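The values are calculated or read from the model by the stated rules, or taken from the named source; none is laboratory data. What you see is a predicted model, and the numbers here were worked out from it, not measured in a lab. Note that each Cβ is placed from the backbone with ideal geometry, even for glycine, and that neighbours are counted across all protein chains shown.
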Amino acid sequence: MGNCCAVPVVSGSIKQGRRNPYAIDPSRESQPRPSLEVLKHPTGRDIKSWYDLGREFGRGEFGVTYLCTDKKTGEHFACKSISKKKLRTTVDVEDVRREVEIMKHLPEHPHIVKLKDTYEDADSVHIVMELCEGGELFDRIVARGHYTERAAAMVIKTIVEVVQNCHQQGVMHRDLKPENFLFGNKKENAPLKAIDFGLSVFFRPGERFEEIVGSPYYMAPEVLKRNYGPEIDVWSAGVILYILLCGVPPFWAETEQGIAQAIILSAIDFKREPWPKISDNAKDLVRQMLNPDPKTRFTAPQVLDHPWLQNASKAPNVNLGETVRARLQQFSVINKFKKKVLRVIAEHLSVEEVADIKEMFENLDINKKGQINFDELKYGLLKLGRQVADSDVKAIMEVADADGNGFLDYGEFVTLSIHLRRIGNDEHLQRAFQYFDKNKSGYIEIEELKHSLSDDLGPDHEEVIHAIIHDVDTDKDGKISFKEFAAMMKAGTDWRKASRQYSRERFNSLSAKLMKDGSLLLKSERTEPA
């Protein structure tokens, strides 16, 4: 399931009039819970009859990706196994269901990962896909050493072909970023493939969307304004193109609010190196793709018809220089470190944690109906000593009420509490920091990073570790303090993955109002972002 910046509040894609049938009802805990059915037409129920699940490739908030081997043919695939225990709301369930439906809907394409099979058992949903073993986009570029404008043109041509294919099929990707593209194999001419459709949606011509989605660096201005269509995918591809050509994002700041402001301003810097040596055609295409007006921004077909891509094989083959390569490496390794941190956080959010919220839910549920309404939430917050304006209580209700029925059931309340704690304070970051700080010195040192990341970073991890230390260690004392660690995580971190409905600025301000000595809506926890 896929991957925000600051600005006004919450998703507009709320489904009205439905309760979450899978939410925990504390008044009926002695009764068996209904079996959660996620997929409409899975290939089967018992994946182990057909496939062997091998080594782990990656781990996220919702599940684990494994090497998957067909028992009959010996062919290798990737299997994303999503734990049903982590699907706490109707929104989570629908996200998984939609991701599978979109992958089934998209026709076979050389640059889109193929869906092989889907299985669903009592505990998990298993999505079996084509295996891409060639590594991430930036890793391949950095490994080559020699990097040119022509290489960037070939990459962006592939990405925009994926966008065009999706749009032709009525699919908006909504989370285009380099990490969502892998090479199919380790050969020099390996195809680049889009691998993640977790935030993608079906759309109709002229349909507008309000839900804030995506990853901060790649978000179009109209997403932040909560009024967008498929044009956002071209913007995101334009951001990738800018990064490919100079090694840094076009819109950057130390905070997500700063990134949002830079995106809205949309001022593109063509002065820094290596822009003076990049062709005018390349710069023109960047301008057309990063046009802040979606009505006049290039469409995917217009991008592909642009002279720079029409003659991609003839684009300048001059090395863009060691500076660009170093920047791309830095950008890539910090993303890897962040992914590891988010994985540590996700693994610490055990299902057992959820039980601690039950007492508070029951205290707020005055009418004992297994639901909290506006008045109960307001009264409960007042009892806790939190005087919150009606407009803010309403905003909290809208954010947390995933099924749009005007009440918070227990599952929605659990999600609200966990997500607010993730965003509103540093408890999760502290826990993740302690995971890396093995000797409890208060710093993450080089040897500790090596120990924690060697399996994630591959054979060249020594160079990568030093690159991470160099980038994160702002006071240059050779180690990472908690302050430096937190600053890294909060600068452009994809909070969207952890909090699927919330816009950062409003939500952070609401959670700040409700926070008291590190706890929100929880009186049992005084000690604990993804």
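Among the residues of region 66-104 satisfying the criterion of being at pLDDT 90 or above and of a type in the set (S, T, N, Q), which is farthest from Lys338 (Cα to Cα)?
Selected residue: Thr73.
Mind checking which residues of region 295-331 are under 30 Å from the mean Cα position of the chain (by Cα), in a loop (DSSP other than H, G, I, E, B) and at pLDDT 95 or above?
Lys295, Thr296, Arg297, Phe298, Thr299
If we keep just the residues of region 51-65 that are small (Gly, Ala, Ser) and more than 20 Å from Val93 (Cβ to Cβ), which is modelled with the lowest pLDDT?
Among them, the one singled out is Gly58.
Within region 447-476, count every residue that is farther than 25 Å from Val248 by Cβ and at pLDDT 75 or above.
Within region 447-476, residues that are farther than 25 Å from Val248 by Cβ and at pLDDT 75 or above number 5.
Residue under question is Ile159, and the condition is that it be under 21 Å from the mean Cα position of the chain (by Cα), surrounded by fewer than 21 Cβ atoms within 10 Å (Cβ to Cβ), within 22 Å of Val213 (Cα to Cα) and of a type in the set (A, V, I, L, M, F, W, C); does it hold?
No, not satisfied.
Give region 203-259 a look and list any residue that's under 15 Å from Cys166 (Cβ atoms) and basic (Lys, Arg), or say none.
Across region 203-259, the qualifying residue is only Arg204.
Does region 279-287 contain at least one residue that is part of a loop (DSSP other than H, G, I, E, B), more than 25 Å from the chain's Cα centre (by Cα) and in the same structural domain as His167 (by TED's automatic domain parsing)?
Yes.
Would you point out which residue out of Ala346, Ala355 is buried (at least 16 other Cβ atoms within 10 Å of the Cβ), part of a helix (DSSP H, G or I) and modelled with pLDDT under 75?
Being buried (at least 16 other Cβ atoms within 10 Å of the Cβ), part of a helix (DSSP H, G or I) and modelled with pLDDT under 75 holds for just one of Ala346, Ala355, which is Ala346.
Out of Phe413, Phe433, I need the residue that is of a type outside the set (Val, Ile, Thr), modelled with pLDDT of 75 or more and surrounded by 21 or more Cβ atoms within 10 Å (Cβ to Cβ). Which one?
Phe433
State which residue pairs qualify: first residue farther than 23 Å from Gln168 by Cβ and inside region 223-235, second residue assigned to a loop (DSSP other than H, G, I, E, B) and acidic (Asp, Glu) in any location, beta carbons under 6 Å apart, and separation of 6 or more residues or different chains.
Arg226/Glu210
Need pairs with beta-carbon distance below 6 Å; first residue over 13 Å from Leu244 (Cβ atoms) and within region 278-293, second among the hydrophobic types (A, V, I, L, M, F, W, C) and modelled with pLDDT of 95 or more; sequence gap 6+ or separate chains.
Gln288/Phe298
Rundown of residues vs (1) within 28 Å of Val303 (Cα to Cα); (2) at pLDDT 90 or above; (3) not hydroxyl-bearing (Ser, Thr, Tyr), yes/no style:
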position: Val125; (1), (2), (3): no, yes, yes
position: Val128; (1), (2), (3): no, yes, yes
position: Cys132; (1), (2), (3): yes, yes, yes
position: Asp139; (1), (2), (3): yes, no, yes
position: Tyr147; (1), (2), (3): yes, no, no
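Regarding region 115-131, can at least one residue be identified that is small (Gly, Ala, Ser) and either within 23 Å of the chain's Cα centre (by Cα) or crowded, with 21+ Cβ neighbours inside 10 Å (or both)?
The answer is yes; a qualifying residue exists.
Give the residue, chosen from Leu245, Leu285, Leu265, that is modelled with pLDDT of 90 or more and surrounded by 20 or more Cβ atoms within 10 Å (Cβ to Cβ).
Exactly one residue qualifies, and that residue is Leu285.
Name the residue that is surrounded by the fewest Cβ atoms within 10 Å (Cβ to Cβ), counting only residues in region 191-213 that are of a type in the set (Val, Ile, Thr) and part of a loop (DSSP other than H, G, I, E, B).
The qualifying residue surrounded by the fewest Cβ atoms within 10 Å (Cβ to Cβ) is Ile195.
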